[in-house]
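Just so it is clear, none of the values below were taken in a lab; they were calculated from the coordinates. Remember, predicted model here, so these are calculated numbers, not experimental data. Positions of Cβ are generated from backbone atoms using ideal geometry, with glycine treated the same way; all protein chains shown enter the neighbour counts.
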Amino acid sequence: MHTLTEFPRQRLPELLRTMPKAELHVHIEGTLEPELIFALAQRNGVTLPYDSVQALRTAYAFTDLQSFLDIYYAGASVLLHEQDFHDMAMAYFHRAAADHIVHAELFFDPQTHTARGISIETVIHGLKRGCDTARDELGISSALILCFLRHLSEVDAFQTLEQALPHREHFIGIGLDSSERGNPPEKFARVFARCRELGLRIVAHAGEEGPASYIRDALDLLGVERIDHGVRCVEDPQLVERLVRERIPLTVCPLSNIKLRVFDTMADHNVMTLLEAGLCVTVNSDDPAYFGGYLNQNFLEMFGALPTLDARHAVELAKNSFDASFVSDDQKTRWHAALADTVAQLKQGPVS
Ligand code: ADE
Ligand code: ZN
């Protein structure tokens, strides 16, 4: 690692762009670009409450998480058929390939679709087919994580789990998303206990808008292996110590945090504090179609606004993305080696 201290600063953007990386926090419904929303609306005969792509984009002026979620759920209403889910996933995978993402763990929200009369089979088969196409055509590895919507009841989550179980081989884990405040982890303790019994990997959004205590409860009551967001952990130093000791990764989403006003500006983001505390931080795009950019844009804007971040941090963040993923140790070792190759090549001259 010490050799990275000599890494030329002017090549940092290229390192950020070309280093192989994993994305562990992206909601596939949050990758629906306005153009695709309109194309799918036309294909499926769905009427949108916006006249044009531009009018829809103009509505993306969020004040908090809920103001975003209202538009995000409306955007997903154009998804009706298996092919729509496949096409949405492929549009994301093309962006991922351009950003040198070699592995992506995708969140999906089945309840957003089953509530509109779409079968869970349509959702899962479409996304799974997209993952297969991405592997075959783009060489990207991926996995699906089914999220329960926390503004709905635990009974609804149990029903969703039952509906999903015939398709168990197509998803690796369970997450928890949607409106955080007022919907604490304890509301879902029993359904997550069942998910753990089933051998599913467990993650949850916590400490985005909600307090640090939700992060502790996600660990103690849900048994999470990663925390999605988690930036508010700094409000509880003992919790930070625990996250470091137990090496619980945080999937941080810089552009999302600015757009949803978790921090005022990127210069105010606490990622440096998290890294200096020794936390396993990863960088992710959350809902890139809504928040102004995909994964590399998150890296570039974050490093641009925080000049104390350097090449060592870039490499640490890429390594963390592999270490925090749900792949085998052998695969992690191969990606670490590919990362080292990219760094070595870049130190000699531009790669792309
Ligand atoms: N669903 C999609 N994006 C989300 C976020 N950032 N927080 C909670 N739920 C979400
Ligand atoms: Zn999220």
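Some values worked out for this structure:
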quantity	calculated
Other-chain or far-sequence residues with amide H under 5 Å of ILE202's (modelled H)	ILE174, GLU225
In nm, spacing of pseudo-spin labels at THR47 and GLU241 (7 Å Cα→C-beta vector)	6.1
Gyration tensor (alpha-carbon) shape descriptor, region 10-348, a/c threshold 1.5	rounded
³J(HN,Hα), Karplus 6.51/-1.76/1.60, whole Hz, each residue of region 5-14, x for Gly, Pro	5, 8, 5, x, 4, 5, 8, 4, x, 5
Separation in nanometres of the label points that stand 7 Å from Cα toward Cβ, at SER119 and VAL155	2.5
Gaussian network model of the chain, Cα within-10 Å springs - most flexible of ASP217, ASP136, ASP310	ASP136
Relative contact order, percent, the chain [alpha-carbon distance under 8 Å, six or more residues apart]	22
